[in-house]
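K.L.:
Structure incoming, see below.
Read-outs: derived from the displayed coordinates by stated rules, not from any lab. Nothing here was measured: the structure is a model prediction, and the numbers come from that model. Cβ: placed from backbone, ideal geometry, glycine included. Neighbour counts: every protein chain shown.
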């Protein structure tokens, strides 16, 4: 089977490419030239910008399935940049795929388009999208999804849409990975928010496996949430970081406050949302000015647009995915996050400190834990 993967040098795209190659697929790996070094060996590497439709058409020739993972994932990016890549880029990819004879497109949207809820309410694929209160990134992903679905309807494309929850795993430098590095670097001394918000997580290996599974078995036009069965609260993730990395470190100059005592069901020591918003503005300024890069890295640990994800729940219902027969290799999110922390420690958090975004440490084995694995 021949496949093409856009964004093949990225965190998800590189893992997907490796999974496809491991199953015997022929893979055309598309990405910007600077990212091709991160594409696994064995794929046919093609430097292309998804905004260039003519180049895309040529790159997609011969592919039967297209996995479109490429996107601009940056909560500090300008709207013109987000729209050009995540919306216009989506239109270009669909148009090029249709003209190149691609038989099926697996399209990456985002669980962030649901916008989050005050209480942890499971969100299904039919939940209304609150477009007016989405941040710029989430809005661009939603509009890109709509553009792809419209193209599928008008041009007769066989399209499947994926809405992943919080994707984690070694090599990630965004999302929950940013929070874990902030803890490691001593920038998170207390729980962010009251800790009651719950999020759905999914390991990057399971994202890749689910995408291939749905490419083979998904319904045409189907939309699928990708997430594990059990969400974790922000307090639980904070507790995992304290457990694995330690609440105190002279080397990292880290001292973190405990989750107890509690008052009215909340930890007595936590960072309120107003402080989180002020801190996020500081982080953006710090990164732009290049301050404290050696300790905290060149990219912000938080952004104003991302604060809502610390104080609002985002719980995805993946019943539709599991009904197709898919089973995750990493069903235990706690075990997966602990393993991920161990891998970051093993490689010295290098991807964060040198600013290499969404890159996988080259020698980390992508192995799911056996049933009796201990962490």
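K.L.:
Select from 37, 59, 70 the residue whose mean-square fluctuation is largest in a Gaussian network model of the chain (Cα-Cα springs shorter than 10 Å).
P.N.:
The residue with the greatest mean-square fluctuation here is 37.
K.L.:
For residue 54 and residue 230, what does the FRET efficiency come to when R0 = 56 Å and r is the distance between their Cβ atoms, rounded to the nearest 0.05?
P.N.:
Taking R0 as 56 Å, the efficiency between residue 54 and residue 230 is 0.75.
K.L.:
Something else now. For each of 181, 107, count neighbouring Cβ atoms within 10 Å of the residue's Cβ, then give the residues from fewest to most.
P.N.:
181, 107
K.L.:
Which value results for Rg/Rh of segment 119-192 when Rg is the Cα radius of gyration and Rh the Kirkwood radius based on the inverse mean 1/r?
P.N.:
With Rg and the Kirkwood Rh in hand, the quotient comes to 1.09.
K.L.:
Which value in deg cm²/dmol, rounded to the nearest 500, describes the helix-derived mean residue ellipticity at 222 nm for the chain, given -39,500 (n - 2.57) per DSSP H run of n ≥ 4 and division by the residue count?
P.N.:
The per-residue figure over the chain is -10500 deg cm²/dmol.
K.L.:
On C-alpha positions alone, give me the angle between the axis of helix 89-100 and the longest principal axis of the chain, in degrees, nearest 10.
P.N.:
30 degrees
K.L.:
For the chain, what relative contact order do you get, as a whole percent, if you take Cα pairs closer than 8 Å and at least 6 residues apart?
P.N.:
Across the chain, relative contact order equals 18 percent.
K.L.:
For the chain, what is the percent of antiparallel DSSP beta bridges, rounded to the nearest 5?
P.N.:
Of all bridge pairs located within the chain, approximately 20 percent are antiparallel.
K.L.:
Where does helix 11-22 land angle-wise versus the long Cα axis of the chain, in degrees 0 to 90, nearest 10?
P.N.:
Approximately 50 degrees, to the nearest 10.
K.L.:
Can you give the Kirkwood hydrodynamic radius for the chain, in Å, rounded to one decimal and based on Cα pairs?
P.N.:
So the Kirkwood estimate lands at 21.0 Å.
K.L.:
Considering only 251, 133, 91, give the residue with the highest GNM mean-square fluctuation for the chain, with springs between Cα atoms whenever their separation is below 10 Å.
P.N.:
Comparing 251, 133, 91 in the GNM, the peak value goes to 251.
K.L.:
Right, here's the next one. How high is the FRET efficiency from residue 253 to residue 291, r the C-beta distance, R0 22 Å, rounded to 0.05?
P.N.:
Calculated value: 0.85.
K.L.:
How much length would be gained if the chain were fully extended between residue 44 and residue 324, taking 0.36 nm per residue of separation minus their Cα-Cα distance, in nm to one decimal?
P.N.:
Result for the pair: 97.7 nm of gain on full extension.
K.L.:
Let me ask something else. In whole percent, what relative contact order does segment 6-161 give with Cα contacts below 8 Å and a gap of six or more residues?
P.N.:
21 percent
K.L.:
Rounded to the nearest angstrom and ordered from largest down, what semi-axes does the equivalent ellipsoid of segment 78-126 get from its C-alpha gyration tensor (root of 5λ)?
P.N.:
After scaling each eigenvalue by five and taking roots: 29, 17, 5 Å.
K.L.:
Could you put 113, 129 in order, starting from the residue whose Cβ has the fewest other Cβ atoms within 10 Å?
P.N.:
Exposure proxy ranking, most exposed first: 129, 113.
K.L.:
Only counting other Cβ atoms within 10 Å, I'd like 158, 132 sorted with the fewest neighbours first.
P.N.:
132, 158
K.L.:
Further, regarding this structure: Nearest 10 degrees, 0 to 90: what angle lies between the long axis of helix 136-155 and the longest principal axis of the chain (Cα atoms)?
P.N.:
20 degrees
K.L.:
Take residue 278 and residue 78, extend 7 Å from each Cα along the Cα→Cβ direction, and tell me the distance between the two endpoints in nm.
P.N.:
3.0 nm
K.L.:
Principal axis lengths of segment 271-311 from Cα atoms, whole Å, largest first?
P.N.:
29, 15, 14
K.L.:
While we're here: Could you check the simple spin-label distance between residue 153 and residue 127, using points 7 Å along Cα→Cβ, in nm with one decimal?
P.N.:
So the two model labels end up 2.3 nm from each other.
K.L.:
A further question on this structure: Among 257, 214, 337, determine the one that fluctuates most according to a GNM of the chain built with springs between C-alpha atoms less than 10 Å apart.
P.N.:
257
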